Amino acid sequence: FGSSAFGPHLVLRAMAPIASSAREDGFAPAEMAMGEEEASHDFSHDTSEKIKEEQQQIGRVQEWWEEGHGPAAVSRSPILSVIDAVLLSELIAAGGGYHHILSADRLDGMHRRFGSGTDVALEPLRKALQTRGGIKNQARVVGMLLFREARSLFEHADGDSGAGTTSRAIPAQETQVADPQEEVKLDESWPPQYWVCSDTYPEGAQMAIKAAPAEKSEIIAVAPAGTEYVATGRVGDYLQVSVTVKGVASSAYVLHRLGSRVLLVPAAEGQSKAPAAARPSSQAAAVGRGSEVRLEESWAPARRFVCSDTYPEGAQLAVRAAPSRESEQLAVLPAGTEYLATGRVGDYLQISLEIDGVRREAYAPRVIGDMVLLVEAQAASATISAPAAAAAAAAVAAAEAAHKAAAAATAASEGRIEALEKRVTQQDRQIQALQAELSSLRSQFSAVATAYQPWAVKAQG
């Protein structure tokens, strides 16, 4: 996905994925194994046979490993000999989908063990562990490297014994000449748009889909004639396209030109070449254009939807005028956007969107193939991780403790205030008593003075 916008369909339809390690001498020669148009049928048959042979060879490697020959031979490989035997057996048995086995924790452990080492023999493993593009892409590259090493052991053992099938070894230097980890600088980039086979595309020819825009780059899949591609840019004679192979979404590269022959053109130019299965029907494309959209579900009040855990990091979502990929694109919204949905039709959510100060209905894809992009906010909150839940519980406990402490402090303060009030009351009473006593003394002194007044007059006389 990258950081570019994506429309409602990113999975390359009608793709015939092959094993990631498939790269034999002569397999899908050049960028796209096609000769002249009259030889296209022979090429298609030859490629199909090579794919079948490749799949059979992978099966032989897995059987050989399962019989115990592989674990006994790992000491011959500096890379395989440092990998946990159980993990290695899981990877060989899978033969793909390595991100299901190489979890983030396992990759992190491998980083800590080998990431800062200096052993030259482990340099390919260190380089694979530095793959960019996320955990899934990193797991794919590491898994492919380990499977290639295992396959090399098998083929050397098969050659030494002279038994089994005759298979061609895959030279390590030819498995991946162009490094897919290197950032590709596009000559042109644009919002995702559909490209289809041109009128000069050789009939029946298959397209090699590559990990990098180079002649000897790894072939990750082969697509039949008539395939429709979602392209986001161009580098040289290659288009950068979005593909999903074995559930892993990534950017790949296909030729749009071979010499003077144009192979792929924008859908608007080559629309007549696209097969019915690759493009929506006119009826589907016309949904919402001047006609009322019939929702399969409607919600009042609106429901809040957020990005799911499987939403591609940094990807942008195309919002359309109608629930169809052929409909007008109204806006492109960044990852993390929250959507207020008033209903659902097919794989689309009906949302309210303000454009140029005018609020109108729009449609955002909720799912693309098997990938769920948007989930209801309540469902998303229910998937809170255990550490987050523990942190939240600790925060609640801390808040309750603080509340109790505050209540105790308040009670203590109120007790001190009450005691002070009592003391003030007592002191007021003492002052009143002293004032009364003082008044009494004044009265007594006044009476004494009155009694002695005649004596004072006589004394003066």
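The values are calculated or read from the model by the stated rules, or taken from the named source; none is laboratory data. Model, not experiment: these values are computed from the prediction. Note that we place each Cβ from the backbone using ideal geometry, even for glycine, and neighbour counts take in every protein chain shown. Remember, those area values only see protein heavy atoms, side chains included, never the ligands or the DNA or RNA. Shrake-Rupley method; radii C 1.70, N 1.55, O 1.52, S 1.80 Å.
Yes/no per residue for (1) at pLDDT below 70; (2) in a loop (DSSP other than H, G, I, E, B); (3) farther than 29 Å from L239 by Cβ:
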position: A268; (1), (2), (3): yes, no, no
position: G288; (1), (2), (3): yes, yes, yes
position: Y311; (1), (2), (3): no, yes, no
position: L317; (1), (2), (3): no, no, no
position: R344; (1), (2), (3): no, no, yes
- Does at least one position in region 290-297 carry a residue that is modelled with pLDDT of 90 or more, open to solvent by 70 Å² or more (accessible area, probe 1.4 Å) and touching a Gly at 6+ places or on another chain (Cβ under 8 Å)? yes
- Query: Which one of these is loosely packed, with under 15 Cβ neighbours inside 10 Å and of a type in the set (D, E, K, R): R344, R320, R359?
  - Reply: R359
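Matching residues to (1) over 29 Å from the mean Cα position of the chain (by Cα); (2) assigned to a loop (DSSP other than H, G, I, E, B):
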position	(1), (2)
A205	yes, yes
S217	no, yes
A221	no, no
T227	no, yes
A231	no, no
R234	no, no
Q240	no, no
S250	no, no
Y253	no, no
- How many of the residues in region 78-87 are over 23 Å from T118 (Cβ atoms) and either surrounded by 15 or more Cβ atoms within 10 Å (Cβ to Cβ) or out of contact with any Pro (no Cβ under 7 Å at 6 or more places or on another chain) (or both)? 2
- Task: Determine which member of the set G226, G236, G204 is open to solvent by 10 Å² or more (accessible area, probe 1.4 Å) and modelled with pLDDT under 80.
- Result: G204
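The rows are residues; the columns are (1) out of contact with any Lys or Arg (no Cβ under 7 Å at 6 or more places or on another chain); (2) under 27 Å from I368 (Cα atoms); (3) surrounded by 20 or more Cβ atoms within 10 Å (Cβ to Cβ); (4) at pLDDT 50 or above.
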residue	(1), (2), (3), (4)
G2	yes, yes, no, no
A22	yes, no, yes, no
E38	yes, no, no, no
Q55	yes, no, no, yes
H111	yes, no, no, yes
- Filter region 151-171 down to residues that are part of a helix (DSSP H, G or I) and within 20 Å of I51 (Cβ to Cβ) and give me whichever is modelled with the lowest pLDDT. E155
- Determine which member of the set S116, S103, S75 is under 20 Å from A157 (Cα atoms), open to solvent by 40 Å² or more (accessible area, probe 1.4 Å) and modelled with pLDDT under 90. S75
